[in-house]
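Read the structure below first, then the notes.
The values are calculated or read from the model by the stated rules, or taken from the named source; none is laboratory data. The structure presented is a predicted model; accordingly, all values stated were derived computationally and were not measured. Don't worry about glycine lacking a Cβ; one is built from the backbone with ideal geometry, like all the others, and counts go over all protein chains shown.
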Amino acid sequence: MPKMKTKSAAKKRFKVTATGKIMHKNAFSSHNMEHKSRKRKRQFRVDHAVAPSDMKEVKALLGSYFKR
């Protein structure tokens with residue numbers, strides 16, 4: 001049976017930390033920024049951990065990329 005490939009879209013959207021946490025970029029942070037408050041824009045800069053309920057799906061998308 002062939003190896004399972006990592007989904008390229010997931011590879012670009014998620015980052016695995018050294019401790020094994022999966023981080024993602026905030027939604028709503030790319031355009032129409034002039035309508036958003038300074039505080040809200042500042043909070044968009046920080047990456048956040050993937051929710052535990054989504055962890056199984058994200059790990060499957062990352063495949064062997066997650067095990068690095």
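Brief remarks follow.
- Looking across region 18-68, the residues that are assigned to a helix (DSSP H, G or I), among the hydroxyl-bearing types (S, T, Y) and surrounded by 10 or more Cβ atoms within 10 Å (Cβ to Cβ) come down to S64, Y65.
- On inspection, R13 does not qualify as more than 11 Å from the chain's Cα centre (by Cα) and modelled with pLDDT of 90 or more.
- Residues being among the polar types (S, T, N, Q), loosely packed, with under 13 Cβ neighbours inside 10 Å and assigned to a loop (DSSP other than H, G, I, E, B) - total across region 1-17: 1
- Any pair with Cβ under 6 angstrom, 6 or more apart, that starts in region 38-64 at a residue that is over 19 Å from K7 (Cβ atoms) and ends at one that is aromatic (F, W, Y) and exposed (fewer than 14 other Cβ atoms within 10 Å of the Cβ): none
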